[in-house]
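The values are calculated or read from the model by the stated rules, or taken from the named source; none is laboratory data. Just so it is clear, the structure is predicted and the values come from calculations on it, not from any experiment. Note that each Cβ is placed from the backbone with ideal geometry, even for glycine, and that neighbours are counted across all protein chains shown. Calculation scope for accessible area: heavy atoms of the full protein, side chains included, ligands and nucleic acids excluded. Shrake-Rupley method; radii C 1.70, N 1.55, O 1.52, S 1.80 Å.
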Amino acid sequence: MTNPASPTNEPVGTSSPLDTLSAPATRRTVLKGAALAAAAAAGSGLGGGVLRPFDREAAAAPAHHGVFGYGVASGDPTGDAIVLWTRATPPPSTPGGPVATPGSGLGGPLRVRWELAYDRGFRHVAKRGTVSARAASDHTVKVDVRGLRPYTRYYYRFRAAGETSPVGRTQTAPDEPRREHALRFALVSCSNYTGGYFTAYRALGKRDDLDFVLHVGDYVYEYGNGPDRYGPADLVGKRDGIPATETVDLEGYRLRHALHKADPDLQLAHRRHPWITIFDDHEVANNAWRSGAENHTPGTEGDFLTRRREAYEAYLEWMPFRLPEQRRVAHQGTRFFKRFTFGTLADLSVLETRQNRSAQVDLAPYTKVGGGFIPEGVPAVDAELADPDRHLPEPEQLRWLEQGLAARGRAWHLVGNQVVFAPVRFPGAALGLGGGRFLNSDQWDGYQADQAALVSHLDAHDSDHGDAVFLTGDIHSSWAMDLPVEQEPGYRSAGVEFVCPSVTSDGFYELASAAAQGAPVPAVLASTRGATAAVTTTNPWVRYLDGVGHGFVVLDVTRHRVQADFHLTPEPTTAVPDPRVDPDIEPEWARSFTTVRRTRRVVAADGPVGRRRDEPHRRH
Ligand SMILES: [Fe+2]
């Protein structure tokens with residue numbers, strides 16, 4: 001279902017139950033409904049060349065409302081450094097003149113002063129300086145402030161052209177010599193703007209107890225508002241993508257990022273916590289690999305590597321992301337992967353699995369069974385899936401990860417990861433596929449040599465080397481899993497994996513609902529629950545799977561255990577069939593799972609974590 005105009009696309013209205021499988025992993029669904037079908041028939045320019053009927057207004061509006069309309073953000077906290085971010089729109093050079101809106105390339109340089117203080121009132125300033133906002137970086141600015149104290153609360157703001165930004169709150173990492181601190185952070189992924197209101201971000205912004213927010217990818221999606229629109233029909237006209245067409249170039253990606261930074265809930269979450277982020281595929285195009293993507297059409301969308309370079313450029317401009325030192329670790333291309341340390345408690349390796357990945361196994365012979373899911377047990381496919389020359393991260397990154405996972409001296413090795421790491425076999429019968437077992441070739445299951453090597457590596461190193469906790473997104477559903485060494489009951493486990501639900505992107509429930517058009521909510525819920533229960537039965541290491549709720553996970557790390565609290569939107573009801581379209585419904589605590597040190601297994605926990613006993617230092 002790459003391009004609605006492509007001949008391989010399934011016609012609207014003929015969803016098979018397989019869509020229930022194929023879409024949550026990586027795919028958008030073609031929206032159903034007469035209104036959207038009519039809009040699709042009217043055409044959006046897709047397939048007819050790169051037409052750019054931009055509506056710049058929503059993404060550009062904050063530029064008309066002052067210098068700092070896109071808010072402030074901070075990111076990539078270490079024990080002594082933090083990245084500060086804003087977008088500083090220069091005032092028009094003449095009254096009523098053109099405004100330097102995102103992506104426009106307009107506007108001269110603007111001198112921006114920044115301050116980082118120990119107190120909200122800025123009486124005790126720790127660091128200050130100036131930086132220049134220029135059109136070359138879309139008037140975004142980043143400051144990598146160094147020489148800070150570990151695990152310390154700071155406040156920051158910017159000033160330019162007589163205006164002052166909102167005050168942001170941030171903190172350095174709990175990475176303090178000779179002192180171990182607890183760690184608490186949120187895990188999020190898959191925030192499709194047209195998929196719903198960002199109430200999960202609002203809920204995070206209200207919290208006072210997070211050291212940072214970890215976003216593991218799909219912060220933006222590339223789709224437009226035409227037949228490729230991704231999200232509920234109820235939000236048409238209320239939450240539309242900007243630009244209106246698929247993002248394919250620098251201007252488009254800049255506008256898409258600006259649209260997100262204009263969202264008040266997202267602004268709040270950035271203003272209240274530092275973020276650690278890494279992109280997945282949709283920051284460029286669906287199911288990207290090293291020289292192409294499922295949702296890239298060279299004939300009409302140009303050269304893929306040019307597109308990707310421009311997408312990365314916009315990402316780095318608009319995100320509080322610090323590029324690691326390029327020469328210190330062997331890598332291919334730009335080194336986006338990075339590692340954070342938290343004293344003797346934990347480290348966090350953040351992977352990047354798109355830039356150098358081998359192409360997904362060719363699905364063409366199997367498209368009759370849909371999407372990115374392919375049948376297990378077809379010899380040619382299985383051999384290709386396990387081909388040792390095919391890689392998800394490039395070999396240099398894999399070695400870097402293995403070194404980190406084997407390092408002694410820390411209780412936990414956390415891994416920020418894009419696509420599901422644990423093996424998952426989807427039972428065909430329970431999902432209406434007529435039997436057999438299926439797997440998703442876009443996740444680690446599609447790169448089984450790397451997957452097996454990493455599991456063996458973990459298994460070969462006992463808990464004295466630390467226990468691994470993979471933290472994953474992508475599949476728009478909530479999971480808690482062991483990492484089995486043998487894929488059978490009675491398996492030995494080499495670590496655990498927690499997968500966060502999407503912020504807004506379609507999950508199993510929405511796909512089941514689309515496939516069973518008009519079915520009552522209780523029936524769709526029952527079929528979703530039945531399908532996910534069958535997945536846990538087929539894969540005994542999957543201890544929890546929810547395909548209904550949206551939201552986030554809070555991770556609480558102590559020397560003794562790592563607990564994952566799943567915060568989910570309430571179950572759909574006949575009265576509220578889609579909580580994502582209600583701007584007042586926020587995720588609430590739903591379930592908790594924990595892994596105790598040296599067990600390498602997840603078990604249910606009684607309730608959410610309580611107040612923190614360990615808070616960052618406040619100097620004033
Ligand atoms: Fe996603």
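Paramagnetic label reach from A449 (point 7 Å along Cα→Cβ; backbone nitrogen cut-off under 20 Å): within the range 384-404, residues 384-403. Counting only Cβ charges, +1 for Lys and Arg and -1 for Asp and Glu, the dipole size of the range 217-273 around its Cα centre is about 340 debye.
Per-residue Karplus couplings for the range 557-569, computed as 6.51 cos²θ - 1.76 cosθ + 1.60 with θ equal to phi - 60°, are listed in order as 10, 10, 4, 7, 7, 10, 10, 10, 9, 8, 10, 10, 5 Hz, Gly and Pro entered as x. Toward the positive end of the charge dipole of the range 396-537, with +1 on the Cβ of Lys and Arg and -1 on the Cβ of Asp and Glu, the farthest Cα among G409, A515, A468 is that of A515. Roughly speaking, to the nearest percent, how much of the chain's 1.4 Å accessible area is carbon and sulfur? Of the solvent-accessible surface of the chain, carbon and sulfur hold 52 percent. Count Lys and Arg as plus one, Asp and Glu as minus one, and take only other residues whose Cβ is under 15 Å from that of W589; the net charge is then -3. Each residue of the range 91-106 was assigned a 3J(HN,Hα) from its phi angle through the Karplus curve 6.51 cos²θ - 1.76 cosθ + 1.60 (θ = phi - 60°); the sequence is x, x, 5, 10, x, x, x, x, 8, 7, 6, x, x, 7, x, 8 Hz, with glycine and proline shown as x.
The charge dipole of the chain, taken about the Cα centre with unit charges on the Cβ atoms of Lys, Arg (+1) and Asp, Glu (-1), comes to about 2580 debye, rounded to the nearest 20. The alpha carbon gyration tensor of the range 274-353 gives principal lengths a ≥ b ≥ c with a/c of 1.5 or higher and a/b greater than b/c, which makes the shape prolate.
Label the range 535-614 by shape, choosing from rounded, prolate and oblate, from the square roots a ≥ b ≥ c of the eigenvalues of the Cα gyration tensor; if a/c is under 1.5 it is rounded, and otherwise prolate applies when a/b is larger than b/c, oblate when it is not. Cα axes put the range 535-614 in the oblate bin.
Sort out for me the Cα centre separation of the range 406-421 from the range 140-155, rounded to whole Å. One Cα centre to the other: 25 Å.
When you count the other C-beta atoms within 10 angstrom of each residue and take the mean per peptide, 572-580, 258-266 line up highest first as 258-266, 572-580.
Does the range 149-228 classify as rounded, prolate or oblate by the C-alpha gyration tensor (a ≥ b ≥ c root eigenvalues; a/c under 1.5 gives rounded; else a/b over b/c gives prolate, otherwise oblate)?
Cα axes put the range 149-228 in the oblate bin.
Above 18 Å, the calculated P(r) of the range 462-595 contains 58 percent of its Cα-Cα pairs. Protection proxy ranking of 146-157, 344-355, by the mean of other Cβ atoms within 10 Å over each peptide's residues and highest first, is 344-355, 146-157. Taking the Cα centre of the range 165-289 as reference, the dipole from Cβ charges on Lys and Arg (+1) and Asp and Glu (-1) amounts to some 620 debye. Phi angles across the range 147-159 convert, under the Karplus curve 6.51 cos²θ - 1.76 cosθ + 1.60 with θ = phi - 60°, into 3J(HN,Hα) values of x, 9, 8, x, 6, 10, 6, 10, 10, 9, 7, 10, 9 Hz, Gly and Pro given as x. Remark: relative contact order (the range 248-388) = 24 percent; criterion is Cα-Cα distance under 8 angstrom and separation of 6 or more residues. Computed over protein heavy atoms with a 1.4 Å probe, the accessible surface of the chain works out to 35 Å² per residue. Legend: helices of the chain (whole DSSP H runs) are marked when their alpha-carbon atoms reach 24 angstrom or more along the helix axis and their mean Kyte-Doolittle hydropathy is at least 0.5; marked are 521-538. For V485, the shell of other residues with beta-carbons less than 15 Å away shows a net charge of -4, using +1 for Lys and Arg and -1 for Asp and Glu.
When the alpha carbon gyration tensor of the range 433-530 is reduced to an equivalent ellipsoid, its three semi-axes come out at 32, 15, 13 angstrom, largest first. Dimensions of the chain along the principal axes, based on C-alpha atoms and rounded to the nearest Å, stand at 67, 62, 49, largest first.
The packing ranking, built from the mean of other Cβ atoms within 10 Å per residue, places the peptides 283-289, 383-389 in the order 283-289, 383-389, highest first. Over the range 100-240, one equal point on each Cα, no solvent: what is log10 I(q)/I(0) by the Debye formula at q = 0.09 Å⁻¹? Debye output, listed in q order: -0.43.
Working from the pairwise distances between different alpha carbons, so that the mean of 1/r is found and then inverted, what is the range 210-357's Kirkwood radius in Å? Present the calculation step by step, with values, prior to reporting the outcome.
Values: mean 1/r = 0.0604 Å⁻¹.
Answer for the range 210-357: a Kirkwood hydrodynamic radius of 16.6 Å.
Kirkwood radius, the range 499-568, all distinct C-alpha pairs, inverse of mean reciprocal distance: 13.5 Å.
What number, in percent, do you get for the relative contact order of the range 343-465 if the mean sequence gap of Cα pairs under 8 Å and at least 6 apart is divided by its residue count?
Relative CO of the range 343-465 lands at 37 percent.
Residues whose amide H falls under 5 Å from that of R543, counting only those 5 or more places apart or on a different chain, are A480, M481, D482, with hydrogens built in the peptide plane.
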